[in-house]
Amino acid sequence: IIMDGNGRWAQARGLPRAAGHQAGVDNIRRILEHCVQHGVKVLSIYAFSTENWRRPPEEVSGLMRLLGLTIQRQLKDLDKNGVRILHSGRMEGIHPHLQKQILNALEVTKHNERIILNVAFNYGGRAEILDAVRHLMQDGIAPETLTEETLSSYMYIGGLPDPDLIIRTGGEWRLSNF
């Protein structure tokens with residue numbers, strides 16, 4: 001799910017953009033519950049792209065705070081309900097305190113098996129490919145030995161299945177570098 005249109009949703013209702021971002025986060029819980037009921041094993045949410053750094057600084061700060069607060073408020077319950085949290089994206093640029101919160105959430109939930117919640121935060125498809133190629137080169141992988149499986153193992157979350165369905169909540173049709 002590409003979380004999109006939350007700010008526009010709020011503005012159309014005379015609310016600040018941050019209220020829309022909060023409403024988007026509030027919906028994740030219901031979506032997770034429905035996914036479990038329907039046998040979905042992996043839910044990826046595209047929450048913050050590498051392009052989102054270009055937004056106004058106060059909006060970016062608000063999104064960072066929102067992730068931190070969501071981890072604080074929801075981690076215990078998500079863990080209790082068997083949700084394994086993964087992170088797809090770069091840690092660079094994210095405040096060190098928030099990085100610790102993310103890493104803690106990954107550690108706390110690493111043994112859960114009911115559903116995987118893959119949070120694409122500070123993520124971009126091109127950035128992921130670039131990072132994978134850089135790591136392949138650092139590891140000395142010869143181009144002629146490279147396979148799709150090897151490349152996949154160097155992606156942020158190697159081993160996750162490719163998406164079967166992509167939903168963009170704001171109604172646009174582009175994939176936004178996913």
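Kindly indicate whether any position in region 144-154 is outside any loop (DSSP other than H, G, I, E, B), hydrophobic (A, V, I, L, M, F, W, C) and at negative phi. Give the derivation first.
First pass over region 144-154, keeping only residues outside any loop (DSSP other than H, G, I, E, B): 144-145, 148-153.
Retained after the next criterion (residues that are hydrophobic (A, V, I, L, M, F, W, C)): 151.
Then keep just the ones that are at negative phi; that gives 151.
Yes, region 144-154 has at least one match.
Which of the numbered conditions does I115 fail, given that it passes all the others? Conditions: (1) under 26 Å from G39 (Cβ atoms); (2) out of contact with any Leu (no Cβ under 7 Å at 6 or more places or on another chain); (3) not aromatic (F, W, Y).
(2)
When you look at T109, is it hydroxyl-bearing (S, T, Y), closer than 21 Å to I2 by Cα and buried (at least 18 other Cβ atoms within 10 Å of the Cβ), yes or no?
Numbers: hydroxyl-bearing (S, T, Y): yes; closer than 21 Å to I2 by Cα: no; buried (at least 18 other Cβ atoms within 10 Å of the Cβ): yes.
Spelling it out, it is not the case that T109 is hydroxyl-bearing (S, T, Y), closer than 21 Å to I2 by Cα and buried (at least 18 other Cβ atoms within 10 Å of the Cβ).
Please go through (1) among the β-branched types (V, I, T); (2) assigned to a strand (DSSP E or B); (3) free of Cβ contacts under 8 Å to residues at least 60 places away in the same chain for I129 and return the number of the only condition it doesn't satisfy.
Against the list (1) among the β-branched types (V, I, T); (2) assigned to a strand (DSSP E or B); (3) free of Cβ contacts under 8 Å to residues at least 60 places away in the same chain, I129 comes up short only on (2).
Has region 21-40 got at least one residue that is within 18 Å of the chain's Cα centre (by Cα), within 20 Å of S88 (Cβ to Cβ) and of a type in the set (G, A, S)?
The answer is yes; a qualifying residue exists.
Select from region 100-124 the residues that are part of a helix (DSSP H, G or I) and closer than 13 Å to I157 by Cβ and list them in ascending order.
L106 - this is the single residue of region 100-124 that is part of a helix (DSSP H, G or I) and closer than 13 Å to I157 by Cβ.
No value in this document is a laboratory result; all are computed from the given coordinates. Note that the structure is predicted; figures quoted are calculated from it, not measured. A quick note on method: Cβ atoms are made from the backbone with ideal geometry, for glycine too, and the neighbour counts reach across all protein chains shown.
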